[in-house]
Amino acid sequence: MSEKATHIPAGEGALWASLPVPSVLVDRDDKITDINAAAEGFLNTSAKGVIGAPVWDMLAVDAPLEEAFARARDTQSTLFVNDVDVGSGQRPPLQSQLQIAPLSGSDGVMILMISPRELAGRMTQNHSVKSSAKSAIGMAEMLAHEIKNPLAGITGAAQLLSMNLPKDDLELTDLIVAESRRIVKLLEQVEQFGNLMIPERGAVNLHDVLDRARRSALLGFGAQMKIIEDYDPSLPLAWGDKDQLLQVVLNLVKNAAEAAGEGGGTIRLHSYYEHSFRLRRADGRGIALPLQIEVIDDGPGLPENIAGDVFDPFVSGKENGTGLGLALVSKIISEHDGWISVTSTPGRTIFRISLPRADATQANNDAEGSTASSRVKET
């Protein structure tokens, strides 16, 4: 009989597989005997790949947990650990809560459940990004029209003045013209942000998007960079607008290249499948976002003072940045019912995009359409 059958009572396999939080069964020797589907996604590996492995080799916990874990097993008591970083060799650490308890009916076997705080924090972040984007862009669009007209007059007047000035004084009028044009360019970017088209979504091969972004980068702004492809070849098609998703990836790759500077660096384009990632919509319905894209660079990292606000409009770590690039990226991903997050430390910055599967989205749309049709017939 397998270890899985020994430790999970008959008839409870479906319950174990359906647990929404990553859960691990650990035997008396601190070896993994089973993990559920959510833990497979969290660890980015299969159950077969970790069964029999020491649990503390597979889970990196930023706390001295082994002794407390052993005491909980010996006393058959529960253990709660709040706000610790939990990671693995396949993903960066996430601040999480741990719940540890003995498995009823199995001597010495403990169940360890991991509840990442990342999703809740990113939910709050997404709501604030949307609210701040609407208010900031609404005000900026209103001002853009009023500002561009007088700027055109200022530019024209400066150009006329320059025609009658001696060469030594032309520097001043050239400065007026250059700065006026820079402001107009900024206002045009604001207008572009506010007028972004609703995505025309369909089935998209994300690896085609990543390849197009990589080729464009290497021929232009990323020529000094080394760009590594690290793809999951079995990744299903995503549900999205191919051109808008390309715009997102290009923006992230460009940011990484600019952060590296003239010396260059390495960018890794990583794709993988995470079973457990779900997002709850405003209407209360959950949506699965299993398709993951990561743009990883080895640059200096985000400045600490803006790291938590990089998706807000007009927040930038660049000397002359507009702060609209990442806000636009966040808006596009939000319009795709997806999610974007960032983790950054010196030498490793990861922008992670989570998107829905095309087949699952189409099935949901068909089901919703059938339900609506049935209601019409009933009335």
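General remarks:
- Tallying residues that are within 28 Å of the chain's Cα centre (by Cα) and either touching a residue at least 40 places away in the same chain (Cβ under 8 Å) or closer than 23 Å to Tyr272 by Cα (or both) within segment 66-93 yields 9.
- Counted residues, segment 27-56 - those being touching a strand residue (DSSP E or B) at 6+ places or on another chain (Cβ under 9 Å), farther than 17 Å from Glu274 by Cα and assigned to a helix (DSSP H, G or I): 1
- Residue within segment 309-325 that is at pLDDT below 85, assigned to a helix (DSSP H, G or I) and under 17 Å from the mean Cα position of the chain (by Cα) present: yes
- Number of positions in segment 94-139 that are over 21 Å from the mean Cα position of the chain (by Cα) and modelled with pLDDT under 60: 3
- Pairs linking a residue in segment 38-65 that is without any contact (Cβ under 8 Å) to a residue 12 or more places away in the chain to a residue that is in a helix (DSSP H, G or I) and open to solvent by 30 Å² or more (accessible area, probe 1.4 Å), with Cβ atoms under 7 Å and 6 or more positions apart or on different chains, are Ser46/Glu40.
- Residue among Ile183, Ile228 that is modelled with pLDDT of 85 or more and open to solvent by 20 Å² or more (accessible area, probe 1.4 Å): Ile228
- Looking only at residues of segment 8-26 that are under 22 Å from Phe69 (Cα atoms) and hydrophobic (A, V, I, L, M, F, W, C), we find that the one that is modelled with the lowest pLDDT is Ile8.
- Among (1) open to solvent by less than 60 Å² (accessible area, probe 1.4 Å); (2) modelled with pLDDT of 85 or more; (3) not small (Gly, Ala, Ser), the one test that Ile306 misses: (2)
- Tally of residues being in a helix (DSSP H, G or I), surrounded by fewer than 18 Cβ atoms within 10 Å (Cβ to Cβ) and not hydrophobic (A, V, I, L, M, F, W, C) across segment 57-79: 6
The values are calculated or read from the model by the stated rules, or taken from the named source; none is laboratory data. It should be emphasised that the depicted structure is a prediction, and the values quoted were computed from it without experimental measurement. Because the Cβ atoms are built from the backbone with ideal geometry, glycine has one as well, and the counts that use them run over all protein chains shown. To get the accessible areas, we keep the full protein, side chains included, count just its heavy atoms, and leave off ligands, DNA and RNA. Shrake-Rupley method; radii C 1.70, N 1.55, O 1.52, S 1.80 Å.
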